[in-house]
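Written below as structure tokens is the structure these notes are about.
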Amino acid sequence: RAINTIERAQQLGLMTDPRTNYSLVTIYINDGQPGKATDLLHAGLRKGAIESTSANWRILADQYRQADKPFQAVDALAEAAKAFPKEGMIEQRAGDILLSLEKTKEARDHYRLATQKGNLEKPYVAWQLLAYTSMELEDWDTAQKAITEAAKAPEFQKDQQSQRLKEHIDSTVKRLHDEAEAKQKEATEKNKKSV
């Protein structure tokens, strides 16, 4: 009934303000119609019929995910990133979606952008995700730098899983460093013998 009432009023040129337009979107969301909600929200954000805020763009991405359209969610976040170039949360959300699609490299690129842009709800989470994706891609230097940044947060110290991730990255970097050093030493010894 609420949907019908608002839509009839809007056909008559009434109730077309951004607040009412957003209310209509939320009614569709609450009614379990993410497809219709995304259509209205995306069009409204683009035309200015709904207030263009970073939070509203992230809601749009969430609704695309609910409608099982993850790539459209990422596209919407790319659009939002142009409108809000200093909002790291947009990049972090894009990284989360791409990671769920097993697109680790692309996710890592967004997490890197998130940490560079800042304005994050929980900065250590973005750093931790950058560390995790870098580890998965065997980019151990980036992984170690990122996990070191994440570890500076008090919340990080309370999380056992985070601690284990840091230990794993640190021990792997140390092992790789030791192996490289041993190879260098071996090569130096061979050179000495051949002279």
For segment 140-158, how many residues are within 20 Å of K105 (Cα to Cα) and more than 19 Å from the chain's Cα centre (by Cα)?
3
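Can you tell me how many residues in segment 119-136 are open to solvent by 70 Å² or more (accessible area, probe 1.4 Å) and not in a helix (DSSP H, G or I)?
Number satisfying all stated conditions: 3.
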Kindly indicate whether any position in segment 42-61 is open to solvent by 50 Å² or more (accessible area, probe 1.4 Å), more than 24 Å from L120 (Cβ to Cβ) and in a helix (DSSP H, G or I).
yes
Just for segment 11-33: of the residues that are open to solvent by less than 70 Å² (accessible area, probe 1.4 Å) and either aromatic (F, W, Y) or over 23 Å from I59 (Cα atoms) (or both), which one is modelled with the lowest pLDDT?
G13
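Does L98 qualify as being buried (at least 21 other Cβ atoms within 10 Å of the Cβ) and free of Cβ contacts under 8 Å to residues at least 24 places away in the same chain?
Values: buried (at least 21 other Cβ atoms within 10 Å of the Cβ): yes; free of Cβ contacts under 8 Å to residues at least 24 places away in the same chain: no.
When the stated conditions are applied, L98 does not pass them.
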Checked pairs for segment 35-53, first under 14 Å from L77 (Cβ atoms), second part of a loop (DSSP other than H, G, I, E, B), C-beta under 7 Å and 6 or more apart or across chains, list as T38/A67; L41/I50; L45/S52
Applying the selection to segment 148-194, what residues are open to solvent by 60 Å² or more (accessible area, probe 1.4 Å), basic (K, R) and assigned to a helix (DSSP H, G or I)?
R164, K174, R175, K183, K185, K190, K192, K193
Long-range neighbours under 9 Å by Cβ, at least six apart or interchain, first residue aliphatic (A, V, I, L, M) within segment 151-175, second at pLDDT below 95 and open to solvent by less than 30 Å² (accessible area, probe 1.4 Å)
A151/S162
Which listed residue, of Q144, Q116, is touching a Gly at 6+ places or on another chain (Cβ under 8 Å) and surrounded by fewer than 20 Cβ atoms within 10 Å (Cβ to Cβ)
Q116
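Scan segment 56-66 and give yes if some residue there is free of Cβ contacts under 8 Å to residues at least 40 places away in the same chain and touching a Gly at 6+ places or on another chain (Cβ under 6 Å), otherwise no.
The initial filter retains those residues of segment 56-66 that are free of Cβ contacts under 8 Å to residues at least 40 places away in the same chain, namely 56-66.
Filter once more, keeping what is touching a Gly at 6+ places or on another chain (Cβ under 6 Å): none.
Among the residues of segment 56-66, not one is free of Cβ contacts under 8 Å to residues at least 40 places away in the same chain and touching a Gly at 6+ places or on another chain (Cβ under 6 Å), which makes the answer no.
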Positions within segment 1-10 being at pLDDT 75 or above and open to solvent by 60 Å² or more (accessible area, probe 1.4 Å), in sequence order
T5, R8
Pick from segment 68-80, criterion buried (at least 17 other Cβ atoms within 10 Å of the Cβ) and among the aliphatic types (A, V, I, L, M), ranking: nearest to E106 (Cα to Cα)
V74
Sole residue being of a type in the set (K, R), in contact (Cβ under 8 Å) with a residue 24 or more places away in the chain and not in a helix (DSSP H, G or I), chosen from K105, K86:
K86
So Q92 ticks every box in (1) of a type in the set (S, T, N, Q); (2) open to solvent by 20 Å² or more (accessible area, probe 1.4 Å); (3) part of a helix (DSSP H, G or I) but one. Which box is left unticked?
(2)
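The values are calculated or read from the model by the stated rules, or taken from the named source; none is laboratory data. These figures come from a predicted structure and were not determined experimentally. Neighbour counts run over all protein chains shown; Cβ positions are idealised from the backbone, glycine included. Note: accessible area is taken over every heavy atom of the protein model, side chains too, but ligands, DNA and RNA are not part of it. Shrake-Rupley method; radii C 1.70, N 1.55, O 1.52, S 1.80 Å.
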